[in-house]
Each structure stands twice: as C-alpha cells, then as structure tokens.
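Below: one structure, written as structure tokens.
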Amino acid sequence: MKIISNPLQLKDYLKTINKTIGFVPTMGALHDGHISLIKKAKEENELVVVSIFLNPTQFGKNEDLDKYPKKDEADKQICKLSGVDILFFPQAKDIYSKDEVSLQAPNVRGFVLEGYTRPSHFNGVLTVVNKLLNIVSPTRAYFGKKDAQQLNLISLMVKQLFMNVEIIAVDTVRESDGLALSSRNVYLNKDERKEALKISKALHVASVMISKNILDVDEIKIKMLEILEPLEIFYVEILNYDFEYALHVELGNTVILVEVRVGSTRLLDNIWL
Ligand code: AMP
C-alpha cells in the first residue's frame, strides 16, 4: 500500500494509471462501516484509494474537532489489511490555503435537519469532497447511507456540477444490538451506550408499523418520539428520497431520519424503505 500526503503527487501518480478507481473518503478512526465501503470499492474497481482527512471546515466553532478520535497507526493497518492500494493522508495545509474558494450548500436542502443546527457543516463537506474528487478523479466514490443528508447533497453536487464520477451508496453497518457504527460511539459511557439503543429501536418500531400498513407519517413520528423522548431530539423526519416532506410513507421512496444527543454526543441514524 502506497501512502501519499501531497495532493499534486497523488494526482500525478493516478494520471499514469489506466485503471478504474474506487474512492472512499473518510475522517479516520476506521471501523467496520468504513471497511464495508472499502470492500465494495474493491469488488467494483481495479484500484482503491482511501483518504483519511479530518476536515476542519465541516466542524463548527464549538464542535468536537479537537477531540475527534485519531487512530492513525491502527487506520493504516486496517487499510493495508483491507487491500487498499493508496492511502491519501493529507494535512490541512495540503488541502486549504488562506484565501479559499469554497462551495455553498443549497439554500433549502443544505440547511434543514443536520444543516439546521450545524449551518456551516455542509458547506465544509461539499467543499472538501469536491476537492478530494478533483484530486483522485475516481470512477466511483463510496458513501454511507448512514449520513443520508450528506449522501443526498453530494449526489446533488455531482449532478449539478456535471462531475464525472458515479456515487455509490452503501448500507449502514450496525453492532449486533442495532447501534449504527460511528467513530463518535467511543465518546459514549456504558449508560449512554444503552440509551443510544433507543435510536435503532425507534427506527425498528417505525418499520414494524409500516409493515402493518400504518403509513401515516404523523402517526409513525408520534410513536418514535415516545421512544426517543428522554433524549435531546434534534429531529425525527420522514421524507422522500429527494428529502421532501411527505404525508404518507411510500415504499421505495422513503427515508426515516433521527438525530439526537446522548450525553454530549450527537448521534444520527436512518432507515431507507
Ligand atoms: P466519516 O469517517 O465518519 O466521515 O465516514 C466516512 C464514510 O463512512 C461516510 O461515507 C460515512 O457515511 C460512512 N460510514 C460511517 N459510518 C458508517 C456505518 N456504520 N455504515 C456504513 N457506512 C458508514
């Protein structure tokens, strides 16, 4: 596995390679969720590039940039063992300069849900993903459905900016008890870890209601809120795949999204129906 930190060096190297490229952007502290993206990229491409970059521009002033888990050596081992061909490991100075061109998230979709409480978040996400896609020029780029709004906005960016990459959505990997894997789960103490299970429980109860043909969005949301209630709830929403509000669940076109705070940790999860 090659490790490259300089964007131009990586770009030049990839130019000499005539292979399909699968790209998995991450912020490190890798877990089985990231590994499933890497596996899919390996299955579908001749060469796999993973980036590990803790992107400062997607964190607000009082967010967890400084304490975000860092596991550089373990991450390198995971990438090596997962068959990654190139690990792109830049520093912030390699990606950003003082006076920056940046992307602006769309006014509606970028500022609801997670974008409502984190207003600069998706500007930072889109800016860095755009840069990374320009550096790697992959055939396909892999993103987790767990970050549903991020996936939706990146797909929109690629379409609206006529970019030459296929965005592949990958299912959420969970612990055996239902908790979605996240680098932030390490912040949870034992009691909070237990409380966090209310998220997957609420999503599960919603899917059971839907399987019994209860399709009314308000009825499902009320039940979910009952389960989540003791936690600080940022949102519980039932939307279509274009992230528009709907009155009824439509199978094949519905995503149910939850974001809560457990202790001091924001956790998000969703299911796609
Ligand atoms: P992050 O390092 O948190 O920025 O995540 C990098 C990529 O991994 C993103 O596309 C995430 O959506 C994806 N990801 C994070 N957690 C999971 C999970 N539990 N299952 C599948 N993909 C995930």
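What percent do you get for the relative contact order of the chain when only Cα pairs under 8 Å and 6+ apart count? Show your work: numbers first, answer last.
Values: 449 pairs, mean separation 47.8, N = 273.
Reported as a whole number, the value is 18 percent.
Of Ile214, Ile52, the residue with the largest accessible area leads and the full order is Ile214, Ile52 (1.4 Å probe).
Counting Lys and Arg as +1 and Asp and Glu as -1 over every other residue whose Cβ lies under 12 Å from the Cβ of Leu188, the net charge comes to +2. Counting Lys and Arg as +1 and Asp and Glu as -1 over every other residue whose Cβ lies under 12 Å from the Cβ of Leu133, the net charge comes to +2. To the nearest ten degrees, helix 197-211 and the longest principal axis of the Cα atoms of the chain are 70 degrees apart. As a fraction of the 1.4 Å probe accessible area of the range 58-129, surface on carbon and sulfur atoms comes out at 52 percent. Take the range 190-239 with all the other protein chains still there, run a 1.4 Å probe, and you get 55 Å² of accessible area per residue.
Sort the range 1-40 into rounded, prolate or oblate with this rule: let a ≥ b ≥ c be the square roots of the eigenvalues of the Cα gyration tensor; rounded if a/c is under 1.5, and if a/c is not under 1.5, prolate when a/b is larger than b/c, oblate otherwise. Here the range 1-40 falls in the oblate category. The range 111-162 and the range 27-46 have their alpha-carbon centroids 17 Å apart.
Cross-link partners for Lys19 among the aspartates and glutamates, with Cα-Cα distance under 18 Å and sequence neighbours closer than 8 places in the same chain left out: Glu43, Glu44, Glu46, Asp85, Glu166. Beta bridges assigned by DSSP with both partners in the chain are antiparallel in approximately 50 percent of cases. Once you order the gyration tensor axes a ≥ b ≥ c over the Cα atoms, which shape class does the range 127-273 get: rounded for a/c under 1.5, otherwise prolate or oblate by comparing a/b with b/c? Note, shape of the range 127-273 comes out oblate.
Within the chain, the longest run free of exposed loop sites, counting GluC sites (Glu not before Pro) that sit outside DSSP helix and strand states (H, G, I, E, B) and have at most 16 other Cβ atoms within 10 Å, spans 101-174.
Per residue, the range 45-125 exposes 55 Å² of accessible surface when a 1.4 Å probe is rolled over the protein heavy atoms with every protein chain present.
Nonpolar atom fraction for the range 133-230, defined as the carbon and sulfur part of the 1.4 Å probe accessible area, stands at 50 percent. Using a cut-off of 20 Å between Cα atoms, the listed pairs Lys76/Lys194; Lys39/Lys190; Lys201/Lys223; Lys2/Lys76; Lys93/Lys131; Lys131/Lys159 include Lys76/Lys194; Lys39/Lys190 as exceeding that distance.
Which of rounded, prolate or oblate describes the chain when judged by the alpha-carbon gyration tensor and an a/c cut-off of 1.5? Prolate, because a/c is 1.5 or more and a/b exceeds b/c.
The values are calculated or read from the model by the stated rules, or taken from the named source; none is laboratory data. All of these numbers come straight from a predicted model, not from anything done at the bench. Reconstructed Cβ throughout: ideal geometry from the backbone, glycine too, with neighbour counts over all protein chains shown. In case anyone asks, the SASA skips ligands and DNA or RNA and just uses the protein heavy atoms, side chains included. Shrake-Rupley method; radii C 1.70, N 1.55, O 1.52, S 1.80 Å.
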